[in-house]
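See structure below.
The values are calculated or read from the model by the stated rules, or taken from the named source; none is laboratory data. Here the structure is a predicted model, which means the values were calculated and not measured. Here the Cβ is made from the backbone with ideal geometry for all residues, glycine too, and neighbour counts use every protein chain on show. When the accessible area is computed, the model is the full protein with side chains, heavy atoms only, and any ligands, DNA or RNA have been set aside. Shrake-Rupley method; radii C 1.70, N 1.55, O 1.52, S 1.80 Å.
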Amino acid sequence: MRKFDTELVRVLPDTARMDANGQLSVGGRPLAELASEFGTPLYIYDVATIRAACAAFRRGLAQYSGEASLIYAAKAYASVALFQLLAQEGLGIDCVSDGELFMAHYAGVPGERLVFHGNNKLESELELALRIGVGRLVVDNRDELELLAAIATAEGKTAAVWLRLNPGVEPHDTHAYRRTGQLDSKFGFPIETGDAERAVSFCQSCSALRLLGYHLHIGSQIFDLAPYREAIERAFAFAARMRDRYGVVPREFSPGGGLGVPYTPDDPMLDLTQAAAMLAEWVQAAARAWNLPLPRLYLEPGRSLVARAGLALYRVGAVKRIPGVRTYVAVDGGMADNIRPALYGARYVVLPGRFTERSAEQVTVVGKYCESGDVLVWEAWLPTPQRGDLVIVPVAGAYCLAMASNYNLARRPAVVAVEDGRVMLWQRRETLTDLIAREMVAAPKVTGIEFSPCP
Ligand SMILES: *Cc1c(COP(=O)(O)O)cnc(C)c1O
């Protein structure tokens, strides 16, 4: 079993503490208490860890000689409370759908602070973006560029545009599904094929489009930053060519998000301040090399802002021992709330709700859903797990709930945030009635069994 040591602390929220009984608390609240109060599965966010990550990025960006902004990639985890917290920290929100735009707008984030991404934005989404005054529309391809120009022209509006460049750079230390910067990708205007240049020239000829700058995003869960440097250099070489040929000087630039976080104590770890400072320095160096003015720099972290701040709490149910083969420990959640292990082999650790001196055994922690691939952790160490035990999956703050589904008609978990001993319910657990909310066919009154619509 993992000891509560400095290695383990790297994958826990900043405020995680172990009490004399071996029980974990976060944000001043014992996890066992939260599990009893809100039920399991439960997702818990430590507000202090999120604020500290924002501050770490800000310190790194302070090294940049020009102006800089932080934009949170909403797709990592979207909630009104989180958007408000981040807006309070001075961040903008990166959206990739009308749903995310709507939620950010509803949360009160000013349109000017919204950035709209996506490789196939619908006409209705572009219209919505123009209506709520989205600050930056990141155009992904030629088809979209023409569509946006037509819509903006028809509505008599001017769209503030970044072009998403495909720099032809591939980060190798991440899963293929998380790479986006190589030429063979659905994302971005390839520099290599001349597509990006034709997009610049198109923008110049269209008065409804105001080209503010360039964007790139090479992938996610990246630890080796060298591909960023390469991509930044290619983007600035391109920008200099566009200045020379069309007189276009980018006022803004974003190298995207994608910084990796450790999920297990054995994974590497990036210092966010250093990483941000590094990116800032490379942008500065590239601008200097091509004699371009320093653009306003935008970083767009998702995972690195929220992953470690969040953890998932589950309750153990069935324990199945197959002698000489394996012990399966089933919990009350799984792939419906965290599909990452099944989707791309993401590795997690599982911690016991209570650290004890009891000797640990190696087990496989599985979910309750009807797929053999519904495994959370293949090799976990738990002290003789039994029904009713609490278990914890750390680093569950990004791309877990964001990808959660109602598979098997599972109800999505509640989300609470903790800060200085206070607990806030950010999102309630879905109810049985939520599951039939979209059903349009009347059903006969069921007699006999009364389902409580509550948890
Ligand atoms: C997903 C995404 C991000 C955030 O990526 P993380 O790995 O979560 O930091 C940033 N920018 C764009 C365009 C994205 O698609």
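The number of residues in the range 290-309 that are more than 21 Å from A346 (Cβ to Cβ), among the hydrophobic types (A, V, I, L, M, F, W, C) and within 13 Å of the ligand (Cβ to nearest atom) comes to 1. Yes or no: V134 closer than 17 Å to Y298 by Cβ, open to solvent by less than 50 Å² (accessible area, probe 1.4 Å) and within 13 Å of the ligand (Cβ to nearest atom)? So V134 does not fit the description; no. Taking the condition assigned by TED's automatic domain parsing to the domain that holds Y314, open to solvent by 10 Å² or more (accessible area, probe 1.4 Å) and among the aliphatic types (A, V, I, L, M), does A81 pass? Answer is no for this residue. Out of Y369, Y348, one residue alone is away from the ligand (no atom under 16 Å from the Cβ), of a type in the set (S, T, Y), crowded, with 16+ Cβ neighbours inside 10 Å and within 30 Å of L85 (Cβ to Cβ). It is Y348. The combined condition, being open to solvent by less than 40 Å² (accessible area, probe 1.4 Å) and in the same structural domain as E33 (by TED's automatic domain parsing), is fulfilled by P341. Of the listed requirements (1) of a type in the set (S, T, N, Q); (2) at pLDDT 95 or above; (3) more than 21 Å from S79 (Cα to Cα), S452 misses just one: (2). Determine whether L70 is within 30 Å of G388 (Cβ to Cβ), touching a residue at least 12 places away in the same chain (Cβ under 8 Å) and touching a Leu at 6+ places or on another chain (Cβ under 9 Å). No: the conditions fail for L70. The combined condition, being over 30 Å from R347 (Cα atoms), within 16 Å of the ligand (Cβ to nearest atom) and acidic (D, E), is fulfilled by E144.
Return the only residue of D173, D143 being assigned by TED's automatic domain parsing to the domain that holds S124 and without any contact (Cβ under 8 Å) to a residue 40 or more places away in the chain. Going through D173, D143 in turn, just one is assigned by TED's automatic domain parsing to the domain that holds S124 and without any contact (Cβ under 8 Å) to a residue 40 or more places away in the chain: D143. Residues in the range 267-289: is at least one more than 14 Å from the ligand (Cβ to nearest atom) and either on the phi > 0 side of the Ramachandran plot or among the aromatic types (F, W, Y) (or both)? Yes, that holds for at least one residue.
Can you work out which of the residues in the range 372-398 that are in contact with a helix residue (DSSP H, G or I) (Cβ under 7 Å, 6 or more places away or on another chain) and crowded, with 24+ Cβ neighbours inside 10 Å is farthest from L305 (Cα to Cα)? So, considering only residues that are in contact with a helix residue (DSSP H, G or I) (Cβ under 7 Å, 6 or more places away or on another chain) and crowded, with 24+ Cβ neighbours inside 10 Å, the one farthest from L305 (Cα to Cα) is L376. Counting only helices (runs of 4 or more DSSP H) wholly contained in the range 1-92, the ones carrying 3 or more residues that are at pLDDT below 95 occupy 6-9. Annotation: R340 fulfils all but one of (1) out of contact with any Cys (no Cβ under 8 Å at 6 or more places or on another chain); (2) within 16 Å of the ligand (Cβ to nearest atom); the unmet one is (1). Scanning the range 100-121 for residues that are open to solvent by less than 50 Å² (accessible area, probe 1.4 Å) and away from the ligand (no atom under 15 Å from the Cβ) yields A107, V109, G111.
Regarding L225, is this residue within 16 Å of Y64 (Cβ to Cβ), hydrophobic (A, V, I, L, M, F, W, C), within 16 Å of the ligand (Cβ to nearest atom) and under 20 Å from the mean Cα position of the chain (by Cα)? Answer is yes for this residue. Which condition number in (1) crowded, with 19+ Cβ neighbours inside 10 Å; (2) out of contact with any Gly (no Cβ under 9 Å at 6 or more places or on another chain); (3) without any contact (Cβ under 8 Å) to a residue 40 or more places away in the chain is the one that S124 fails? Single failed check for S124: (1). Number of residues in the range 342-368 that are touching an Asp or Glu at 6+ places or on another chain (Cβ under 8 Å) and of a type in the set (S, T, N, Q) equals 2. Once the range 158-210 is narrowed to residues that are in a helix (DSSP H, G or I) and within 13 Å of the ligand (Cβ to nearest atom), the residue that is least open to solvent (accessible area, probe 1.4 Å) is R178. Return the only residue of V316, V248 being more than 16 Å from the ligand (Cβ to nearest atom) and farther than 20 Å from C400 by Cβ. Result of the check over V316, V248: V248. Summed over the range 228-243, residues that are within 16 Å of the ligand (Cβ to nearest atom) and either more than 26 Å from the chain's Cα centre (by Cα) or over 16 Å from E300 (Cα atoms) (or both) total 1. State which residue is nearest to Y45 (Cα to Cα) when the search covers only the range 84-94 and only residues that are within 15 Å of the ligand (Cβ to nearest atom) and of a type outside the set (D, E). That would be L86.
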